[in-house]
Amino acid sequence: MLATLRRLHPLSASLKAGTWQGNSNLMNTHELYDKTLGIVGFGNIGKRVAHLAYGFGANIIFYEKLEIP
């Protein structure tokens with residue numbers, strides 16, 4: 001999530017290709033703070049992701065399908 005928000009892949013690719021420009025539009029990055037994160041499934045992994053994202057100031061919404069026996 002953080003790598004996507006900060007556009008690390010395109011920046012890394014341009015650096016490796018030798019075309020990196022420090023003031024390019026790729027430098028416009030985003031923060032996780034005050035963003036809404038939707039999580040499908042709220043098991044152990046979903047809860048952990050929610051906990052970590054909450055620490056960055058994200059708003060959390062989730063969907064959990066309940067199995068009724």
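The values are calculated or read from the model by the stated rules, or taken from the named source; none is laboratory data. Since we're looking at a predicted model, the values are computed, not measured. Neighbour counts are summed over all protein chains in view; Cβ atoms, including those assigned to glycine, are modelled from backbone coordinates with ideal geometry. Each accessible area value is taken on the protein alone, full model and side chains, heavy atoms only, with ligands, DNA and RNA left out. Shrake-Rupley method; radii C 1.70, N 1.55, O 1.52, S 1.80 Å.
To the nearest ten degrees, helix 44-55 and the longest principal axis of the Cα atoms of the chain are 60 degrees apart. Across the chain, the convex hull enclosing all Cα atoms gives 105 Å³ per residue.
Placing +1 on each Lys and Arg Cβ and -1 on each Asp and Glu Cβ, with no other charges, gives the chain a dipole about its Cα centre of roughly 220 debye.
Can you give me the % of accessible surface on the chain that is carbon or sulfur? Probe 1.4 Å, all protein chains present, nothing else counted. Could you put the intermediate results ahead of the total?
Details: 3450 of 5820 Å².
The nonpolar share, carbon plus sulfur, comes to 59 percent.
Here the Gaussian network model covers the chain, with springs between Cα atoms less than 10 Å apart; of LEU52, LEU15, LEU32, LEU15 fluctuates the most. For the chain, the solvent-accessible area with a 1.4 angstrom probe is 84 square angstrom per residue. Between the helical axis of 8-17 and the longest alpha-carbon principal axis of the chain there is an angle of about 30 degrees.
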